[in-house]
Each structure stands twice: as structure tokens, then as C-alpha cells.
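Structure, as C-alpha cells:
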Amino acid sequence: MKHKVATTVNGRRHEHEVEARLLLVHYLRDVVGLTGTHVGCDTSQCGACTILVDGNAVKSCTMFAVQAEGKSLTTIEGMAKDGELHPLQQAFWDEHGLQCGYCTPGFIMAASYLLSQNPNPTEDEIRKGLEGNLCRCTGYVNIIKSVQSAAKAMNGSKAKAGEHSAAARRS
Amino acid sequence: MAITTMIGAKIHRREDPRLVSGEGRYIDDFTRPGTLFLSVVRSPHAHARIKSIDITAATKAPGVVAIYTHKDFAKVIAGTMPAAPAFVAEKKQIPPRFPIADKEVAYQGEPVAVVLTETKYQSTDAANLIEVDYEPLPAVMDLEHALDANAPKAHSNAPDNVGWDLTYIPEDANVMKEADVVVKQRILQQRLAPTPMEPRGVLAEYSRPDASMTIWMSSQNPHFIRLFLAGALGIPETRIRVISPDVGGGFGSKISPYSEDYLVPAAAKLSGRPVKWIETRTESIQTTTHGRGQYFDVEAGAKKDGTLVALKVTQYLDIGAYVGTFGAFQACACLLSTGAYNWKHVSARTVGILTNRVPTDPYRGAGRPEATHLCERMIDLLAEAIQMDPAAIRRKNFITEFPHTSHFGLVYDSGEYEKAMDKAMEIAGYEKLRREQEEARKKGRYLGIGISSWIEICGFGPSAGTAPATGGIALVESAQVRVFPTGSVTVYVGTHSHGQGHDTTFPQIVADTLGVPYDMIELRHGDTAEGPAFGYGTYGSRSLAVGGMAVHKASKKIVDKARKLAAHIFEAAEEDVEFDQGHFYVKGSPDKRKALGEIAFASFGAGLPEGMEHGLEAVAYYDPSNFVWPFGTHIAVVEVDAETGAVDLQRYIAVDDCGNVINPMIVDGQIHGGIAQGIAQALFEEVVYDDDTGQMKTGTLTDYMIPTMNEFPLFELDRTVTPSPTNELGVKGIGEAGTIASSAAVINAICDALSPFGIKHVDMPASPDRLWNQIKASRGASHNGKEARK
Ligand code: FES
Ligand code: FES
């Protein structure tokens, strides 16, 4: 039996009929067609599927699509605005916070939730805040730096009323 | 050659904007119209006879289009899966391996049947309805006793469990007598699951009218896969196209062909529909090849003054149920076991043992982490035995003359081992750490400092050395450089980037060689329909030292042709034409110059010199003259809680030397990731099977302990630069270095911390449980000792 589900994904409304057992991550990838949210495990350990559900970080493999009825979802595809990378995306680029990039969307979404709760996290708070995400490539060193640098940029840009300073591409 | 500007620069990766935006395209992001989903029914037993397979119920399940078993695949797949000689030319036995089991299964997870359905979820539902009747057989799970006469056999029709038994250098019983002290140690290398964050996956589409096959898969070397599939499927290479798009990590586990790489295309051919299979994480841990899985019996002797005398190594390697395609590669642990040191005598033997576990194959470092680990452990054990500082014994025995020919005939190209160690000790503040350690011990706190001076053979490799190892295909590398009429450049390479940043670093090389702006150069890889006829892939830290050189060589061919054309345009002799930073001019008149782009445009026009072909493009195959030999020293600082056995890794210092550096940011990133994987082996990860049933007990990420962000300090990195004399760029590899060095540094630090307890050796993973038991046992022992003296 199919169930109606209506969601807002990255600001756009979607209505579909889905199986009750369809996982939210598969709904996003296979039904809505946004493949930036990844699947890295089957036991909710890796965090590659992390998205925001009404502003809260959620591993989208732990929810059914029908449970997202009426909710506002943000995926990695919704982070850049007007062709400009989100400061977290920019920071991961600047600080070499990714290698294969498979874990990256999940990290960026989890980090965006962390910074929304705690705009100035210490190194330790970053570690605690992102311990639900696994990366096999980076040893996490540059991911920590990326989040620190994004926090700085976001606080700075708030202070400067949204003025955006693009980091130099070469140094 | 143009003046270096881009080589050595910290250029941010051009692939990143796409990847941070969710626009990477990994295997599961591809689909074709009418795609069927494939699920694999796998053996739940480590070893069993298949009595019957009943598909009646599954056939009626919703969405089922086809169910195939061995008899169906036998019609479209020929031969058996390959097992390369690697470092063991002669094997005692190679159990024939077909991609799907027929009458007998030999490891948990071996494919038995596949089901094809209209939707993803239906395929799992239907797979659960297939009834396989098994007769369980005794399984070989105990490596130590697998060669006993009464041991069960991994394959019921096999004579025994010996895959190979090869002595590289025989033992001379007399040589140990030259030593003042001899230490003996058994060293375990637990099985590891490579666990790239993206599991494997295959999508295949067969065109009946064209008799052609297109395959998308997550692979480190699509050309080799095409070669293997051409043979197995009976389709010429011209009609097989393998595309390996963005790949979410490989670490060696996406080199060899897997069962599904054959079954999915074959199912597409049988069903006439595109077929897709995506590995679950549980399947990945269970059936993707494992790394390590060995133990070593090692004996080492030294003089009282620290001079190394003799090393004797025997490797026992758990092959698994079948010989992995490059499974025997890990025997190179024997060949590298002497490490960075001069040893007077060496002997080495490798024994490969068949068991009922998933096959082992290369995993980041592959044989070289094992070599470093055993060598660096033995050096510390010797230092302890003669009461010498671990740094001092290393310093005394480092190889200092290069090129250096090892006991095994390998030629180390260059190195300055002491310099790297000194730098690491300086950053660590070694002397101060030793003082802190002493103070801490007085207060009952156990600090430990561990040194690991590593070397590595990489950059596979010269044709003479590698063609015999693969069974014929030399691991050279290819590149094609095409210059378009307006001077923009596309470069096609046979390597495959899956995190290593080639899209950025290879154009850096081309920019310097051609003097063309970096932004005008594109790199393409991962599609066998493009570029040279064959590419060799990315593994063994070879991409830069071999692939980067192929790119460089092809670029130089471009310059050579362009120079001829420029001379013609200038009406000058070729030898009078200079090339500097992308411009040609006649000696003495640098103001009348022409950019390479202008020459490119001219190469498509009229009035070329007599006999010159149009266009400006070149293909190059680069065959290195030797392997390359990076090195370095890592230092770990730990504190062990003697009450709980918990290890606090406080600092980690790495000074590495990979010759000239193309992009320091990317090199550091590779080292970070490598260190993390070696620490993960030292402290956390282990694939555990139940010894009786052969069932895997660590089949999910809940039980298989991939470290999180909480487990590592921020690594402190520095480097020395000793250019490689092997290639013109002076480069060596760095992809595996961190992993090769780090397990030994951490374990040496733990052993150092626990030396007050008389603990000399700790096996991996050094879990709190393992350490607590060792500490407890040693406390018990010393307590009993006191009792005895009373
Ligand atoms: S896919 Fe791993 S946590 Fe969701
Ligand atoms: S960048 Fe590859 S898993 Fe994180």
C-alpha cells in the first residue's frame, strides 16, 4: 500500500506516493532525485546520510519517508545560495577537508547543525558534535580545521552584516 | 624545461566545488532506463556443500524478473577468476574460483544465487525467499593449526591447506651465534576490513544489437577490469567500456575483480536489461577482500654495542578461501623486513595458508605496514635487551649509502634516514619527553614514546620487475595529451583518482612542462573509452611516480613537435629555438616569441614542414627504471591507564620524505589519512570470526571499530626533501606512507609505556581489554615472584 507524503526539500514542495517502509534517504535519492545525500552503512553509524529536518541534524537512514510528512528538509544541494558556496562548503574546500568526498555532504550538514547550536565551538566540542560521522580518508585533522574556519567566517560575516570574503584560491 | 611555478604550489583542488555541493557522481548515483536491481544470496556458512537451491517461492515474489545460479552463469562466464603471481611466482595450489559457487561454498558470504527485480527493496525481499539446503563441512579457522595433518581442508577436494611455501633467503643456523643478544617474537597482524566509506557497486548495460557492454563501477583500475571481463565474457575490449566515476575511497580494496564484477554484467546479458548491484555495508565487511591477516615468527640478533647482526622472518599469511588476485603481494613484507637498516644476515620465508575466510588482498600499504611493524618492533626489543635508547640503535644502523642494494636484490634509490629522524625528534622534543616520562613514572603514570623509522617500496613499477608479478602486463603507465587549436589542453591518464587529487596535481605538472596556464588544462580518467589503449590504475603509491611521469613525458613530446614547427615558422634551425615558460623564440630574440597555443593553432593550418602531420597531440607510456623509496620517522606519545588499559594517544609527529612535492596540501592530506588508518589498526580495528562456526562477529560498523573524530590528536607534520634519482620529477609516492609507519609508532609507544611492568610486546589491536589483561598478568607474575622469594 502506498502512502502520500508531502515535504519541502531545499525550499521546494514535493508530493509523492511511497511505500511505508521507504527510508527517507532513499526517498531523497531515488524519488526526489537528489543524490548528494549518501549511504555508507546499514546500521546508522556513518552519518553519510545526514540532512537537516526542520533544522535538526538527522541521519536520513533512520527515518521513514512518511515520517517526514509536512517537514522541511535541507540537503547538501540546498546549502549554496545564489551560486555561492555556503561558508562550510567553502571552508572544506579551503582547508582540504575532503579527499574522496563521499562523507563530505554528511559532515557539512552535521557541522551546519553544530554551528547553528554553538557558533563558536572549541576543538573538543567539534569532536563531540561530529562523532556521529565517519571519514575514512582524512584522519579528521582537516575536517576539524574546516569547521573552525567556517565558524570564524560565519561569525565574521555576521559581524560585517553579511559581507562575504572569498578565500584566496591559491596561496 | 619551463621554470617551475606550479609544481610545489598549494593549489586547492578543482574537484572540490562539485564534491562539496553534492554533485559528485558515485556509482549509486547512476541509473539506466529499465534498470533491474540485483541482490546476491550468500552462504551463511564458512564451509558447506550445497545440496539444493529452491527458488519456487522467490519466483512468485513481487517484481522478480529472473533468478540465476551457477548453471546459468556457467553459460556466459568462461574460466576462473585470476590470481596473479605477485611476489610468489610458484604456488602449491590455487583453488579454482568461479564468481558464484556451484557445489561447495568456502567462506561466509560466497555468492550462491542472484535475484533480479524491478525495484531495490523487492530484490532483498525475494533473496530472502530463496531456500538453499546446505550440508555444513568442517571449517579451517585456526591459522596456527591449519597445516596440521588432521586439520580440516578449506576445500574438500584439496590435498591440504598450503597455498604457497617460499623461502626467499634460506636460514644459516650459524649466523645468530655472531650476536650477543637474540630476541624472538611472534607478531600478529590482525585481519582488517578496508571499509572505504562508499561500498562497491556495479551497473551494467548490454546492447544485443551492438554486442557491447557498458559497465559503471567503483574501481581503482577500470582498464584491468575490462581486460579480465573481456576474457571471461568473450567480448573484445573494443566492445567493453568500463567507467569508474567518482569513487568514495578504495584503499586497495577496489583493485581486484570481484564476483559481482562478473555476475552483474553477465546478468545484464542474460536478462537483456540493465542491472545494478550496490553493496551493503554488511556485505562490504563480509565479502570485500580483507587486509593483513598474518602472523610472523621473528628472531633478531645484535651486538652489545647495538650493531644489527641477523634477522630471521617467517610469515604465515591467511590467504582466505581463494587466492586473491593480488593476494600474494603481501608476501613483500618479507622483502622489506630489513627496513631502514644494515643487517649483516637475513633469512625470510613466506607460507600462504588457505582458510575458510574471505580472501585477503592488498589494503593500504599491503605488506609494507607489516614489514615496518615487525622490523621496528624487533629494533625496539633489541634496544631494550641491550639497554640502548631506541633512537640511538636506529641511528647506529641506518643505511647511509645510496643506491643501496638489499639482501633481496632490491635497490633503494635515495634516502637520508637520520635527517628525518632528527627532525621528528626535534619536533617531538624527545629528550624532554624522556624526562617527563621519568617524572610521570614516579607518580605512577605511564607515558610512552614510540619511534617508527619507515621505508617503502612503491611506484610500481619497472616492467622488468612487475610483468612477471602480474603474469604478463607490466605496470608502466600511460598518458595522452591533446592540445586544441586555441591552446587549451586535455590530458587522459590511466591512473584513477579517488581522493588523491590528480585532477589538480597532474595539471600542475603539465602547466610547468608545457608552460600553459593551469586553468586551461583538464584531466580525464576512469573511462576506458577515452585515452590510451591501456591504463594501469591507482594503487601501490604509483600514480605520481609512474603516471605523473607519463604525463610529463607526453607533454615533452608535445614540446618537441611544437619546437620543430616553431623553427619552421621562425625559419630557424631547431637547435636555435628556445622554449621557456610556454614560449618559443630564436636564441637572442626573446621579444619575437610565440606561445605554445599559437603553435598549436598553426599545427592545424597549412604550410607545415615537409612530412609533419597535423595536430598537436601525443601518447606516452612511461616505464620507470626502478621503484621509488620514500621514508621517514614517526613518533607517537601515549599514556596508558594501568587501571583500565585505556590508551590516550596524546601526540603524533610525522616527518616524511617523498622526494619533490607537487602539492604540499595534498601530500599532507594523504599522510593524515594514512596515519589514521595505521592507528586504527594499532588500537581499534579487527575482523573477528567465530572459531567454531566461521561466522563473522564484526559484520557491521557497530562491531567493526572505524575510529571517529574523537580518537585522534591533530597530527604534527613536517618533511625533508630528498629527490628521487629514479625519475626526472624527483618524486616518490606518499599514498600509503602514513599507514606503513603508524602502527609501529603507536605499539612501540605502548610497549615503552608498559616497560615498568616488564611487558615487552603488545599485539594489535591494543584494546583496553588486551592491555588490562597483560598488565594484570604481569602484576600477578611479579606478585608471585615476591611470594616465591619470601
Ligand atoms: S547511511 Fe550510515 S548513518 Fe545513514
Ligand atoms: S573524504 Fe573520503 S570518507 Fe571522508
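For the reader, a short list of remarks on this structure follows.
- Qualifying residue in the stretch A:45-67 (condition: within 11 Å of another protein chain (Cβ to nearest Cβ), over 17 Å from the mean Cα position of the chain (by Cα) and open to solvent by 20 Å² or more (accessible area, probe 1.4 Å)): no
- Residue pairs whose Cβ atoms lie under 8 Å apart, sitting 6 or more positions apart in sequence or on different chains, and linking a residue in the stretch B:288-308 that is under 22 Å from residue B:699 (Cβ atoms) to a partner that is among the hydroxyl-bearing types (Ser, Thr, Tyr) and open to solvent by 20 Å² or more (accessible area, probe 1.4 Å), are B:294/B:316.
- For residue B:758, the criteria (1) more than 14 Å from chain A (Cβ to nearest Cβ); (2) open to solvent by less than 30 Å² (accessible area, probe 1.4 Å); (3) in contact with a helix residue (DSSP H, G or I) (Cβ under 9 Å, 6 or more places away or on another chain) hold in every case but one, which is (2).
- Of the helices (runs of 4 or more DSSP H) that lie entirely inside the stretch B:1-113, those containing 1 or more residues that are within 14 Å of chain A (Cβ to nearest Cβ) and either surrounded by fewer than 16 Cβ atoms within 10 Å (Cβ to Cβ) or within 25 Å of the chain's Cα centre (by Cα) (or both) span B:16-20.
- Residue check, residue B:426 assigned to a helix (DSSP H, G or I) and either in the same structural domain as residue B:733 (by TED's automatic domain parsing) or within 27 Å of the chain's Cα centre (by Cα) (or both): yes
- Answer residue from the stretch B:181-206, given it is over 26 Å from residue B:255 (Cα atoms) and surrounded by 14 or more Cβ atoms within 10 Å (Cβ to Cβ) and is nearest to ligand 1 (Cβ to nearest atom) among those: B:187
- Checked against the criterion of being surrounded by 18 or more Cβ atoms within 10 Å (Cβ to Cβ), closer than 29 Å to residue B:54 by Cα and out of contact with any His (no Cβ under 9 Å at 6 or more places or on another chain), the candidates B:158, B:126, B:154 yield just one match: B:126.
- Every residue from the stretch B:212-224 that is touching a Lys or Arg at 6+ places or on another chain (Cβ under 6 Å) and in a loop (DSSP other than H, G, I, E, B): B:218, B:219, B:220
- Screening residue A:36 on (1) open to solvent by 30 Å² or more (accessible area, probe 1.4 Å); (2) within 15 Å of ligand 1 (Cβ to nearest atom) shows it passes everything except condition (1).
- Selected residue [over 21 Å from residue B:729 (Cα atoms) and within 16 Å of ligand 1 (Cβ to nearest atom)] from B:633, B:702, B:698: B:702
- Residues of the stretch A:116-156 classified as over 20 Å from residue B:706 (Cβ atoms) and either open to solvent by 10 Å² or more (accessible area, probe 1.4 Å) or touching a residue at least 60 places away in the same chain (Cβ under 8 Å) (or both), total: 19
- Residue identified as modelled with pLDDT of 95 or more and of a type in the set (S, T, N, Q) among A:155, A:142: A:142
- Among the conditions (1) at pLDDT 95 or above; (2) in a loop (DSSP other than H, G, I, E, B), the only one that residue B:182 does not satisfy is (2).
- Any hit, the stretch B:618-628, residues being farther than 20 Å from residue B:512 by Cα and touching a Phe, Trp or Tyr at 6+ places or on another chain (Cβ under 8 Å): yes
- Candidate set from the stretch B:684-705 (those that are of a type outside the set (Val, Ile, Thr) and within 13 Å of chain A (Cβ to nearest Cβ)); member that is farthest from the chain's Cα centre (by Cα): B:703
- Matching residues in the stretch B:483-517 - criterion: being open to solvent by 20 Å² or more (accessible area, probe 1.4 Å), more than 29 Å from the chain's Cα centre (by Cα) and under 16 Å from residue B:14 (Cβ atoms): B:488, B:517
- Test: residue B:644 is open to solvent by 40 Å² or more (accessible area, probe 1.4 Å), outside any helix (DSSP H, G or I) and touching a helix residue (DSSP H, G or I) at 6+ places or on another chain (Cβ under 9 Å): yes
- Considering A:139, A:97, A:132, the condition of being small (Gly, Ala, Ser), facing chain B (nearest Cβ under 9 Å) and touching a Phe, Trp or Tyr at 6+ places or on another chain (Cβ under 7 Å) is satisfied by A:139 alone.
- Residue count for the stretch A:82-110, restricted to those that are away from ligand 1 (no atom under 16 Å from the Cβ), out of contact with any Gly (no Cβ under 6 Å at 6 or more places or on another chain) and modelled with pLDDT of 95 or more: 14
- Residue B:235 falls short on exactly one of the conditions (1) among the hydrophobic types (A, V, I, L, M, F, W, C); (2) farther than 28 Å from residue B:331 by Cα; (3) not in a loop (DSSP other than H, G, I, E, B), and that condition is (3).
- Test: residue in the stretch B:676-683 that is under 21 Å from residue B:370 (Cβ atoms) and away from chain A (no Cβ under 14 Å): no
- Any chance residue B:169 is more than 16 Å from ligand 1 (Cβ to nearest atom) and open to solvent by less than 20 Å² (accessible area, probe 1.4 Å): no
- Filtered residue count, the stretch B:705-741, keeping only those that are part of a loop (DSSP other than H, G, I, E, B), acidic (Asp, Glu) and over 15 Å from residue B:368 (Cα atoms): 1
Conditions (1) more than 16 Å from ligand 2 (Cβ to nearest atom); (2) of a type outside the set (A, V, I, L, M, F, W, C); (3) touching a residue at least 40 places away in the same chain (Cβ under 8 Å), marked per residue:
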{"residue": "A:20", "(1), (2), (3)": "yes, no, yes"}
{"residue": "A:36", "(1), (2), (3)": "no, yes, yes"}
{"residue": "A:65", "(1), (2), (3)": "yes, no, yes"}
{"residue": "A:70", "(1), (2), (3)": "yes, yes, yes"}
{"residue": "A:83", "(1), (2), (3)": "yes, yes, no"}
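- Filtering B:628, B:661 for residues that are farther than 21 Å from residue B:450 by Cα, open to solvent by less than 10 Å² (accessible area, probe 1.4 Å) and more than 13 Å from every other protein chain (Cβ to nearest Cβ) leaves a single hit, B:628.
The values are calculated or read from the model by the stated rules, or taken from the named source; none is laboratory data. Just so it is clear, the structure is predicted and the values come from calculations on it, not from any experiment. Quick reminder, even Gly has a Cβ in these numbers, built from the backbone with ideal geometry, and neighbours come from all protein chains shown. Heads up: the accessible areas ignore ligands, DNA and RNA and are worked out on the full protein's heavy atoms, side chains in. Shrake-Rupley method; radii C 1.70, N 1.55, O 1.52, S 1.80 Å.
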